[in-house]
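Undergrad: Input: one structure, supplied below.
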Amino acid sequence: MRIPIDARVLPGAAILLALAAVSYLVFRSSWVTAGLLIILALHMAFFRDPQRRIPAGNGFVSPADGEIVEISTVSEDRYLKEKAVKIGIFLSVLNVHVNRAPAGGTVEYIQYEPGKFLNALKKESVNMNESNWIGFREAEDRILVRQIAGTIARRIHCDVKTGESVGRGQKIGIICYGSRTECYIPERIFKPTVCVGEKVKAGENILGERIA
């Protein structure tokens with residue numbers, strides 16, 4: 001039976017549990033122990049990795065849980081080499097932080113870029129924060145996902161490698177704590193059906209339909 005939590009929860013959970021035990025057994029501090037156990041519960045909740053029901057069809061699914069904060073048309077010259085619809089999703093500390101593939105395909109491009117840890121809601125964070133780019137090829141089309149760190153998010157995990165085949169809605173990584181995820185889909189094949197302010201879930205909600 002699959003446990004709905006990411007295994008990377010274990011190091012932090014072990015440390016917090018050990019501190020709580022020392023606080024209670026050695027220092028007899030019930031208040032500190034209670035506080036550490038609350039932090040432990042929040043830490044465990046952050047790393048939750050629930051099963052998702054991938055919808056039928058060929059629509060592009062959301063790569064992250066959170067709120068749509070940007071929908072724009074850009075010239076994506078890093079990997080797609082064409083005009084693309086960019087969808088930005090803000091993940092609060094309360095959201096599931098697992099990232100998923102918007103469509104099935106082969107991982108063709110991965111590029112990590114070090115940077116700052118500004119608030120993910122600030123415009124300058126998009127260009128200045130630490131991030132990781134993952135490019136997928138699906139037949140003749142390319143799709144790009146960007147994982148972006150935030151003020152609290154200080155670690156990005158990428159769980160795929162170049163040459164690997166992934167399914168639509170498959171887990172591709174996780175960003176620790178509050179952050180932002182962006183999805184770039186060629187404008188010529190994509191019509192968004194979401195709007196700014198809408199809440200989405202990774203792998204379950206459709207960002208838009210394929211038009212070509």
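Undergrad: When you look at GLY104, is it surrounded by 12 or more Cβ atoms within 10 Å (Cβ to Cβ) and not hydrophobic (A, V, I, L, M, F, W, C), yes or no? Write out each step before concluding.
TA: Values: surrounded by 12 or more Cβ atoms within 10 Å (Cβ to Cβ): yes; not hydrophobic (A, V, I, L, M, F, W, C): yes.
Against the criterion (surrounded by 12 or more Cβ atoms within 10 Å (Cβ to Cβ) and not hydrophobic (A, V, I, L, M, F, W, C)), GLY104 qualifies.
Undergrad: Tally up the residues in the stretch 47-86 that are surrounded by 23 or more Cβ atoms within 10 Å (Cβ to Cβ) and within 13 Å of the chain's Cα centre (by Cα), please. Show your work before the answer.
TA: Residues of the stretch 47-86 that are surrounded by 23 or more Cβ atoms within 10 Å (Cβ to Cβ), as a first pass: 60-66, 84.
Those still in the list that are within 13 Å of the chain's Cα centre (by Cα) too: 61-66.
Residues that pass the stated criteria total 6.
Undergrad: Based on what the data block shows, is PHE90 in the same structural domain as ASP159 (by TED's automatic domain parsing) and aromatic (Phe, Trp, Tyr)? Spell out the reasoning first.
TA: Numbers: in the same structural domain as ASP159 (by TED's automatic domain parsing): yes; aromatic (Phe, Trp, Tyr): yes.
Taking the combined requirement at face value, the residue satisfies it.
Undergrad: Here is a further query. Among the residues of the stretch 26-44 satisfying the criterion of being among the hydrophobic types (A, V, I, L, M, F, W, C) and touching a helix residue (DSSP H, G or I) at 6+ places or on another chain (Cβ under 7 Å), which is nearest to ALA7 (Cα to Cα)? Quick ask: steps written out before the conclusion?
TA: Kept after step one, since they are among the hydrophobic types (A, V, I, L, M, F, W, C), are these residues of the stretch 26-44: 26-27, 31-32, 34, 36-42, 44.
If we keep only those that are touching a helix residue (DSSP H, G or I) at 6+ places or on another chain (Cβ under 7 Å) too, we end up with 32, 36-37, 39-40, 44.
On the way: VAL32: 26, LEU36: 20, LEU37: 19, ILE39: 17, LEU40: 15, MET44: 10 Å.
Selected residue: MET44.
Undergrad: Does TYR24 qualify as being at pLDDT 95 or above and either crowded, with 16+ Cβ neighbours inside 10 Å or farther than 28 Å from VAL107 by Cβ (or both)? Let's see the steps before the verdict.
TA: Numbers: at pLDDT 95 or above: no; either crowded, with 16+ Cβ neighbours inside 10 Å or farther than 28 Å from VAL107 by Cβ (or both): yes.
So TYR24 fails the test.
The values are calculated or read from the model by the stated rules, or taken from the named source; none is laboratory data. No experiment lies behind these values; they were computed from the predicted model shown. Because the Cβ atoms are built from the backbone with ideal geometry, glycine has one as well, and the counts that use them run over all protein chains shown.
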